[in-house]
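The values are calculated or read from the model by the stated rules, or taken from the named source; none is laboratory data. Since this is a predicted model, take the numbers as computed values, not measurements. For neighbour counting, all protein chains shown are included, and Cβ atoms are generated from backbone atoms with ideal geometry for every residue, glycine included.
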Amino acid sequence: MDQGIREAIDWEQPFPDEEYAERRARVKSALERAGYDGILVTAPRDYHYLTGHDHIWQYRHAVIGLYFDTKSSSFVFFDNTSHRVLISNTPQVTDILYHSRSIPAAEQATELAAKLLARGWGRGRVAIQTWGYGCHPDHVRAIGRCFAEAGAEVVEDSDLLEDVRLYKSPREIAVMRQAAEISIAAMEAARDFMRPGVAETEVDAVVCYELMKRGCGHPGIRNMFGSGPRSGCHHGPATHRKLRQGDVVHVDFSASLHRYHANISRSFAVGEIDPRWHDLFDRSAGCSQAIVDGVRPGDPFSKVQEAADAFIAASGVDRARYEWFIGGYTLGIAFPPDWVHRHRPEPFEPTDDPAMKPGMVFNFEVQYDVFDGWPGGSGGGWIDSYLMTENGLEILTEMPRNLVAVGA
């Protein structure tokens, strides 16, 4: 690193040194419980958690990450020489191994493994991360093979740090609350700007402007936007289509502050619209509060899905006919395209049903597709973000979930 650049840092950091020390202690404890002597961390959101290192390009031939040693509770970061200035701007990184970007990534991997082994690390029982939109799995496994050839027992474990990060610290919660407040303000600005004749991209620009004007970075994932026949494009970006009277408009984005994000989506009606749309949204609007009322601290995450399913069943909505997705994901650190975490209230695997302890943050969405030919759209829905506290669930993104009319 360049010490002159390091000493010139004159902007406030997202978290103090104490926060990172506490994180390292939690990771050390998790590694000890798992019986790991160290872990090779190559998922960007995980080494961001430990260092605050932030970069925007995950590319195939980059060997970037850190090695965390359990016994010493210390780590060394590794990257190629092209990021010397970026590393110098990351105060938590004090130990760095550089490799040349002019040599093939496979050689970078074996060279790095040799350097780690020379330190006495990469030995015993070692975990490696092979999933996470960062360092390519082939290169991670190549490093692991070098450890194994030196006598280590190598275990692929991409989930340990995510489980550590599942329950947020008070400082992290404070940042996520800010992100949620900014997401509401941006959604309100989008709502107030919508009217016939403006393009979807113009409304998208308003959202991005409001997010960044209020302190956020780029959204946790590209903003999703659809109007009229596109309103059911749940993962579609904004287009040059112009809003028309009678349109359903669906807006979905994730305000991201220091990579901590709060997801929100709402649907709107441009002027008067077929009343069946209002009926659909009115019936689902109370689901968010039903989740809050139906879940307590310590409940399994699947209890959220149970509460939502019971509400929707009683709402009279034909779920088999109109549901696109009713569910959610845990939230934390967003590095697109991996903006959510693996836990769902309707878990993919029985083991992925964690207890809802204070500090857990997640989203939940009620999204519809409508193929019945109703004028104005093809679908829509809403998403909220929630925080579990000692007293129960809190909705972080509180604003109406009905189909609010805009563009009057």
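Condition check: under 30 Å from Leu257 (Cα atoms), among the hydrophobic types (A, V, I, L, M, F, W, C) and out of contact with any Ser or Thr (no Cβ under 6 Å at 6 or more places or on another chain). Does Ile64 satisfy that? Yes. Scanning the stretch 326-352 for residues that are more than 10 Å from the chain's Cα centre (by Cα) and hydroxyl-bearing (Ser, Thr, Tyr) yields a single hit, Thr351. Scanning the stretch 373-390 for residues that are in a loop (DSSP other than H, G, I, E, B) and touching a residue at least 40 places away in the same chain (Cβ under 8 Å) gives Trp374, Pro375, Gly376, Gly377, Ser378, Glu390.
Condition check: closer than 21 Å to Ser169 by Cα, of a type outside the set (Ser, Thr, Tyr), outside the structural domain of Gly134 (by TED's automatic domain parsing) and assigned to a loop (DSSP other than H, G, I, E, B). Does Arg401 satisfy that? Spelling it out, it is not the case that Arg401 is closer than 21 Å to Ser169 by Cα, of a type outside the set (Ser, Thr, Tyr), outside the structural domain of Gly134 (by TED's automatic domain parsing) and assigned to a loop (DSSP other than H, G, I, E, B). Among the residues making up the stretch 152-177, a single one is more than 16 Å from the chain's Cα centre (by Cα) and basic (Lys, Arg): Arg171.
Scanning the stretch 49-63 for residues that are of a type outside the set (Lys, Arg), closer than 22 Å to Ile143 by Cα and surrounded by fewer than 20 Cβ atoms within 10 Å (Cβ to Cβ) gives Trp57, Gln58, Tyr59, His61. For the stretch 13-24, check the following and say yes or no: at least one residue is modelled with pLDDT under 95 and not basic (Lys, Arg). There is at least one residue in the stretch 13-24 that is modelled with pLDDT under 95 and not basic (Lys, Arg).
Of the helices (runs of 4 or more DSSP H) entirely within the stretch 126-225, those holding at least 2 residues that are assigned by TED's automatic domain parsing to the domain that holds Asp79, touching a strand residue (DSSP E or B) at 6+ places or on another chain (Cβ under 6 Å) and modelled with pLDDT of 95 or more occupy 137-149.
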